[in-house]
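Working notes, beginning with the structure itself.
The values are calculated or read from the model by the stated rules, or taken from the named source; none is laboratory data. Keep in mind it's a predicted model, so treat the numbers as computed, not measured. Reconstructed Cβ throughout: ideal geometry from the backbone, glycine too, with neighbour counts over all protein chains shown. Side chains are part of the model used for accessible areas, which takes the heavy atoms of the whole protein and leaves out ligands, DNA and RNA. Shrake-Rupley method; radii C 1.70, N 1.55, O 1.52, S 1.80 Å.
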4 protein chains.
Amino acid sequence: MKALVKESAGPGFKLKDVPKPTIRDDEVLIHVRRAGVCGTDVHIYEWDDWAKGRCRPPFVVGHEFAGDVAQVGALVANVQVGDRVTAEGHIVDGTCLLCRTGSAHVCPHTRIIGVDRDGCFAEYIAMPATNVWHLDANISYEVGGIHDPMGNAFHTALTADIPGATVLVTGCGPIGIFAVGICKAAGASRIIASDVNPRRLELATAMGAHDAVHPSDAEAAVKRATDDYGVDVVLEMSGVPSAIHQALALVRVGGRVQMLGIPSKPIEIDFASEVIFKGITIYGVVGRRMYETWHQMTRFLRSGKFDPTAVITHRFPLECADEAMRVIKSGEAGKVVFEIA
Amino acid sequence: MKALVKESAGPGFKLKDVPKPTIRDDEVLIHVRRAGVCGTDVHIYEWDDWAKGRCRPPFVVGHEFAGDVAQVGALVANVQVGDRVTAEGHIVDGTCLLCRTGSAHVCPHTRIIGVDRDGCFAEYIAMPATNVWHLDANISYEVGGIHDPMGNAFHTALTADIPGATVLVTGCGPIGIFAVGICKAAGASRIIASDVNPRRLELATAMGAHDAVHPSDAEAAVKRATDDYGVDVVLEMSGVPSAIHQALALVRVGGRVQMLGIPSKPIEIDFASEVIFKGITIYGVVGRRMYETWHQMTRFLRSGKFDPTAVITHRFPLECADEAMRVIKSGEAGKVVFEIA
Amino acid sequence: MKALVKESAGPGFKLKDVPKPTIRDDEVLIHVRRAGVCGTDVHIYEWDDWAKGRCRPPFVVGHEFAGDVAQVGALVANVQVGDRVTAEGHIVDGTCLLCRTGSAHVCPHTRIIGVDRDGCFAEYIAMPATNVWHLDANISYEVGGIHDPMGNAFHTALTADIPGATVLVTGCGPIGIFAVGICKAAGASRIIASDVNPRRLELATAMGAHDAVHPSDAEAAVKRATDDYGVDVVLEMSGVPSAIHQALALVRVGGRVQMLGIPSKPIEIDFASEVIFKGITIYGVVGRRMYETWHQMTRFLRSGKFDPTAVITHRFPLECADEAMRVIKSGEAGKVVFEIA
Amino acid sequence: MKALVKESAGPGFKLKDVPKPTIRDDEVLIHVRRAGVCGTDVHIYEWDDWAKGRCRPPFVVGHEFAGDVAQVGALVANVQVGDRVTAEGHIVDGTCLLCRTGSAHVCPHTRIIGVDRDGCFAEYIAMPATNVWHLDANISYEVGGIHDPMGNAFHTALTADIPGATVLVTGCGPIGIFAVGICKAAGASRIIASDVNPRRLELATAMGAHDAVHPSDAEAAVKRATDDYGVDVVLEMSGVPSAIHQALALVRVGGRVQMLGIPSKPIEIDFASEVIFKGITIYGVVGRRMYETWHQMTRFLRSGKFDPTAVITHRFPLECADEAMRVIKSGEAGKVVFEIA
């Protein structure tokens, strides 16, 4: 089958023919239709320091996808051939303390498809049946193909108390923009989105932000919207040091900061004034709650109150992987999707 | 001043002149503009068993209102003459264990205006400054005048986890209809409202119910919308025994039933099959959280995502109190409001 | 192998030779050492209405046990031959909405060992590997053999907020007595236990109850200990109608009633005065949280702060099943255990 | 009356005669019997950068105390002359959004006695009646006099989920040691305390720590006690940068870090590896929850499961203020108390 492969330690991907995966008795084989492209893929493509430390080529890249089931293992009871599905890309052990007590999303033995084992930028992928999530009939493969990053956004937003809340979203990449839409659907009373990129602010506005501002205007926007108290909740989706300081400065006393954006290096924090004296809570977001987050996604999509389609700005065949990487790096893209089959 | 008074033990109200209230140093005098009429007022008007057991005439009736501040006591710091306000009608001691640990709404020494002391169906009312809640500039006195029952609905809905939830609202009196609109604004994925009264089902639909059905059709509607699981949350707003049984039957295992409707007499419950084996949680709703609920109301109104105006179907001067009671008892009314000054 | 069997629709058990179970690839075979005897076993023995409606003889009885692993299926990774283990007796589908969102304890497709399929009053039992729970080296098979009912008690107690709380435990059968000890270890400030049986009150006192009283004295004990407020938490472990009314009467306003005891028939409840006006929360307890409850048990046992041994009053070989049933029915027993191998 | 006064901008306190305070109608006058000495008092005594930025001499120092009520204002209903009391030293406005929605502990208008207005190292102090907390008859003035720092410890410990938890307490000053005792009473399964000071580790052991270790041994102790997972909860009570990094390193994935210790300057944090990828929650602790924390304290003291007396190592009259400061700075003291009347 055709697959986008990280062949060796160095920049680039290669589209090539590889053997179709075989499945274990508790796995299913999925015919991939659409696959989302993520910043993580760009890191692997560029072969940056994180990629060098984590990945072991060769492997098929890609961790966000939807498709239909082509084959099921002998022990699989809840998935049938022909089912339209997406899947959780974090493969956990299922038996450790974390997995058995409701925190599988932080299983210490997590292996991620497209990072630690073969991924989904290919015609077929083998997945444990436990990781499969069914799509409603009216959900497109395209929307199915971006459930992983949407799930990051749902996890980030809905582990805070959103109905009625004032919310600041710092960073309007695709996940930040999804988060704007989720907060809108969940009854946030005021959503302020900040980013340096005007194109992204337009998308944030389209998804429901009341204010979409350059970071230099965020403080004024927050103070105006909150009688100077600061927002109840900040969703930090950028990983940019100045945005993290702004998150801590603009959350109200006693508020909550959800951190998803990954800073590339250490940051100097004044815990006294930025965290402790403010009495705030900070929550580090890893992946998606298994599978509360997936269930929430299905519910929001089913209700029609949340539709991520506007965030998808570019669609490519696997053959155009280099161009896909380019548009993401350029900042001109919202969400980018591979159309595979 | 003019006031609607419960003069003696027996049916009816009397509109008469009474002295304008005087205030203590920690109280404010409020010029009443609009006042909501509640089922509780009907009980007092009719002088039913509950009223006989609880009320001690003579007293001014009415507990839901908005107006502007005419006078403030010497110790009052947070309210000024001219402020547009509504108020929490439950006057609590502020010093008991419950009041000091976040549960003032169940203070055992609660005294309710218009029930235990003089109320708001009058040109003026004296209120402790701590009970006053300011209205945003764009909120009408009319909407301000129904914050008390809206608050019941907010308390009932938002102490459950609504974003993404499937919700059944049993009973579409004004509070039930408000609750439909709140759940809609807070991101419920599916709202099923049930009532025997077609007029009320129309209002529920107008406020956002996906299904508005006769109770005899509720089971089918719930099963269809939930793959037979039952709903995540039931808001029981009727107090009708058959509705309570239906609430317990149609909530999913592990779900939550919020009980606000007051049954007039004991009901036979099979705790084994209706509660314990289902693993559900039941929450008895009293009044409004002080003042989390009030804050949520302000936020929802401010966002524009919730507007109760459509629920107000009748407006009367105090002179038409008998007619106001009649339309409520007839079931033809949504929310009824007195226009006072 | 030797097994205690419910042979046919009618009273009694029969000790007989049956084939040793075979296991599937995802199951393990456990050599049973100790097995707890439960009220449920008595219902099956007596063949009461519940048993007639639920059970389909013939089957091996018993659902609480510990032992060591004799054989593991090909797909089992987290259990080895020789491991000392106990197991969750509720076998759930693992794939339904409830199982996938943290509520497997209320999986609608639950099958219980010793009730819906062969149980543990036998030399060997086959169990899904996912249901196995490892015992610390210093935990005896006997204590391991009563993890199921201890788990009911942990689930009931620790889904309330116990540190500092005043707690009333209505009903001091083994699970109620366990709950007393758990509340003691978790920092309850005052524990009042009630039962009609003086022997059980002695055990409750031994496990840490500050007051152990006849139900007719419970109201006075609660009022004395709580400045008349009522207790923060009631653990209703009896299923007796008068105890349920007492639970609702003696919990403070805004408090929490955890219901585990199963009433045998419907009860008349005045929701207005007993639930709604009190603003309380009622929680129906099913089984054990999978596997948060098991993890809590291990932690409490490991700390040495909770030791259930004193509650075990009788030990029998399988040959004395009739006597075991007798001592339970007589009320003279705390927890009864079969010593099997 | 006699009072310990910060007279001017510069080091030291001065014991002198000052006028007895007068009270407002909503205040009470308290005859101070015992007063705890806090690190904050040392900062003011030393006149460090924080003190220079915050305090405006002259004022009476001290914010932890107990005594009996000498006089009550005309509007005070819940306090009587002769009552044995302590008091919350954070005086909040009571009317802001935070105060009205259950977060008075982070009221932006908080004024602290002994810091922002006259304090308790004096024979008398005036306090708002709302800040007064009654002492049980069997609680000494001495224990009453340290409710403020005990409350910090209760707030820090009990806003985490302690029953059954493994806990690391980094920093064994008086508040850290109190926290050890609270976790013990609340059913923590394993408590590891770390400090560089052997005298403090002895006190931690006396209060119930299972392991009391030098910070260089903390990692090994945690790994041994938690099967390498890390602890469920860290209570960071030191403010020392290396301890904060250790807190983040030794909490398990998905765990919780409660931060009370105040670092004196910014710290470099790798949010990616220390917070986000670990999926942890960080909570900044300010003061005491009003008045949930006070209620918990009363309950724990009443139960007899927590007794802070062993932590009090030195007692002085006000005349020995310099010596009191010296023993605190030397590290030889646990908690130090002034005996005033």
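Contact annotation: residue pairs with Cβ atoms under 7 Å, 6 or more positions apart or on different chains, pairing a residue in segment A:6-19 that is more than 13 Å from A:Arg56 (Cβ to Cβ) with a partner that is assigned to a loop (DSSP other than H, G, I, E, B) and open to solvent by 70 Å² or more (accessible area, probe 1.4 Å), are A:Lys14/A:Glu7.
In this entry, A:Ile113 passes the filter for residues that are within 28 Å of D:Gly254 (Cβ to Cβ) and open to solvent by less than 30 Å² (accessible area, probe 1.4 Å). The residues on offer are A:Ile146, A:Ile139, A:Ile192, A:Ile182, and the sole one that is at negative phi, open to solvent by 10 Å² or more (accessible area, probe 1.4 Å) and not small (Gly, Ala, Ser) is A:Ile139.
Filtering segment A:100-109 for residues that are crowded, with 18+ Cβ neighbours inside 10 Å, within 8 Å of another protein chain (Cβ to nearest Cβ) and among the aliphatic types (A, V, I, L, M) leaves a non-empty set. Filter segment C:291-318 for residues that are open to solvent by 30 Å² or more (accessible area, probe 1.4 Å), within 30 Å of B:Ile282 (Cα to Cα) and touching an Asp or Glu at 6+ places or on another chain (Cβ under 8 Å) and give the result. Answer for segment C:291-318, where residues must be open to solvent by 30 Å² or more (accessible area, probe 1.4 Å), within 30 Å of B:Ile282 (Cα to Cα) and touching an Asp or Glu at 6+ places or on another chain (Cβ under 8 Å): there is none. If the condition is being over 22 Å from the mean Cα position of the chain (by Cα), at negative phi, within 8 Å of chain D (Cβ to nearest Cβ) and of a type in the set (Gly, Ala, Ser), then segment A:255-286 contributes only A:Ala272. One residue stands out among those in segment A:264-280 that are open to solvent by less than 20 Å² (accessible area, probe 1.4 Å) and of a type outside the set (Phe, Trp, Tyr): the one that is nearest to A:Ala324 (Cα to Cα), which is A:Ile267. Of everything in segment A:31-64 that's out of contact with any Asp or Glu (no Cβ under 7 Å at 6 or more places or on another chain) and aliphatic (A, V, I, L, M), which residue is farthest from A:Ala122 (Cα to Cα)? Only one residue tops the list, namely A:Ala51. Could you please find all residues in segment D:184-208 being β-branched (Val, Ile, Thr) and in contact (Cβ under 8 Å) with a residue 24 or more places away in the chain? The answer is D:Ile191, D:Ile192.
Given the criteria farther than 23 Å from A:Lys305 by Cα and either within 14 Å of chain A (Cβ to nearest Cβ) or under 14 Å from the mean Cα position of the chain (by Cα) (or both), does B:Glu323 qualify? So B:Glu323 fails the test.
Residues that are open to solvent by 30 Å² or more (accessible area, probe 1.4 Å) and touching a residue at least 24 places away in the same chain (Cβ under 8 Å) were ranked within segment C:78-89; the one that is farthest from the chain's Cα centre (by Cα) is C:Asn78. Within segment A:319-335, the residues that satisfy the criterion of being hydrophobic (A, V, I, L, M, F, W, C), surrounded by fewer than 23 Cβ atoms within 10 Å (Cβ to Cβ) and over 28 Å from D:Lys278 (Cβ atoms) are A:Cys320, A:Ala321, A:Met325, A:Val327, A:Ala333.
Quickly run through segment B:21-57 and pick out the residues that are surrounded by fewer than 15 Cβ atoms within 10 Å (Cβ to Cβ) and more than 19 Å from B:Ala324 (Cα to Cα). Matches in segment B:21-57: B:Thr22, B:Arg24, B:Asp25, B:Asp49, B:Lys52, B:Gly53, B:Arg54, B:Arg56, B:Pro57. Restricting segment D:234-248 to residues that are under 13 Å from D:Ile282 (Cα atoms) and touching a helix residue (DSSP H, G or I) at 6+ places or on another chain (Cβ under 8 Å) leaves a set whose member that is most open to solvent (accessible area, probe 1.4 Å) is D:His245. Cβ separations smaller than 6 Å between residues 6+ apart or across chains give the following pairs from segment D:209-226 residues that are farther than 17 Å from D:Ser238 by Cα to residues that are open to solvent by 40 Å² or more (accessible area, probe 1.4 Å): D:His210/D:Arg190; D:Ala225/D:Arg190.
Only one of the listed residues (C:Ala247, C:Ala186, C:Ala243, C:Ala218) is within 22 Å of D:Lys305 (Cα to Cα), modelled with pLDDT of 95 or more and of a type in the set (Gly, Ala, Ser). That residue is C:Ala186.
Looking at B:Val28, B:Val72, B:Val92, just one residue is touching a Ser or Thr at 6+ places or on another chain (Cβ under 9 Å) and at pLDDT 95 or above, and that residue is B:Val92.
When D:Gly89, D:Gly73, D:Gly36 are checked against the criterion of being within 14 Å of chain B (Cβ to nearest Cβ) and in contact with a helix residue (DSSP H, G or I) (Cβ under 8 Å, 6 or more places away or on another chain), a single residue qualifies: D:Gly73. The residues of segment B:255-304 that are among the small types (Gly, Ala, Ser) and either over 30 Å from B:Ile146 (Cα atoms) or at pLDDT 95 or above (or both), listed by number, are B:Gly255, B:Gly261, B:Ala272, B:Ser273, B:Gly279, B:Gly284, B:Gly287. Among residues of segment C:240-254 that are away from chain B (no Cβ under 11 Å), those with a beta-carbon under 7 Å from a residue that is modelled with pLDDT of 95 or more and surrounded by fewer than 20 Cβ atoms within 10 Å (Cβ to Cβ) at least six positions away or on a different chain give the pairs C:Ser242/C:Pro215; C:Ala243/C:Pro215; C:Gln246/C:Pro215; C:Leu250/C:Glu219.
Scan segment C:160-183 for residues that are closer than 14 Å to C:Leu203 by Cα and free of Cβ contacts under 8 Å to residues at least 60 places away in the same chain and the total you get is 2.
Looking at segment C:161-195, which of the residues that are under 23 Å from C:Cys38 (Cβ atoms) and in a loop (DSSP other than H, G, I, E, B) is nearest to the other protein chains (Cβ to nearest Cβ)? Here the residue is C:Gly171.
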